[in-house]
Amino acid sequence: MLTVYNLLDSELFPSLTAVLQVALTVAVSSCSSERSFSAMRWLHTWLRRTMGQSRLQHLNGMSVEKEMLEKHSGCSAPPKPLILESPLPDNHTFSSPSNVVFSASLVTTSDLTYQGPFTTYVTLIFKRVVTNVGNRYNSDTGIFTAPTKGVYYFSFTGCMGKSGKLDATLVKNSEFLFEIHDTWGSTGCGSNSMTVQLEEGDTIFIHLWQGFSIFDQSRLSTFTSSPLRHVDPHVCRVHKHKPEIFF
């Protein structure tokens, strides 16, 4: 039918040309239309209300015809997961970024507890562990160790102790990333947070600097982390050229 349409003279046979155009554009089944409506529910969200009709149409087409998109863009499917030759023990747990979360407070008691000031900097050890999925936070050393490469979110809150001033820094390996600094008084608190790109084996911990102090009642001075995104080297992204797909 397509061959006939290409050979047909539209000026001599306008009506026949129109009929063939309709026949060539009518879907063989309703699957594509149904998939299009399903994709529209999550494509056209309130965050994309200002999107133009042309962009929305093309995004919808790329979602529905993703097999064709992969074929034209040269992307291949992610590699199959590695099959282990020997079974893992029943108590084995994988420490992937999606299941590595921890949250802890400085002390385990509800009594007002002060730490510092010290004559040198110390690593704060958050003893009351509320959450430690993946067991990557060590409550004996106060150090979190990244199980794999990824983007992680860290948050730290501290309350000033007897010195009336607080200066504590979040450290990645030996690099100072961010800190909280406050001289408001013995009842003041400070908080800070950051997203950090980590490699497998990188360590994160909190330094309390010399001459400063901190206090807690098992719920005031806290240290928290959660993964945001796993960096997968096999993820295929199309940036260099636009696939030749027509909708």
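Does any residue of segment 65-74 turn out to be at pLDDT below 75 and on the phi > 0 side of the Ramachandran plot? Among the residues of segment 65-74, at least one is at pLDDT below 75 and on the phi > 0 side of the Ramachandran plot, which makes the answer yes. Taking segment 192-211 as the range and being outside any strand (DSSP E or B) and either closer than 17 Å to Tyr121 by Cβ or among the aromatic types (Phe, Trp, Tyr) (or both) as the test, the residues that pass are Trp209, Gln210, Gly211.
Meeting the requirement of 1 or more residues that are touching a residue at least 40 places away in the same chain (Cβ under 8 Å), the strands (runs of 3 or more DSSP E) wholly within segment 112-191 are 113-115, 128-133, 143-145, 150-160, 166-172.
The values are calculated or read from the model by the stated rules, or taken from the named source; none is laboratory data. Everything numeric in this text was worked out from a predicted model, so none of it was measured. Every residue, glycine among them, receives a Cβ derived from its backbone with ideal geometry; neighbour counts consider all protein chains shown.
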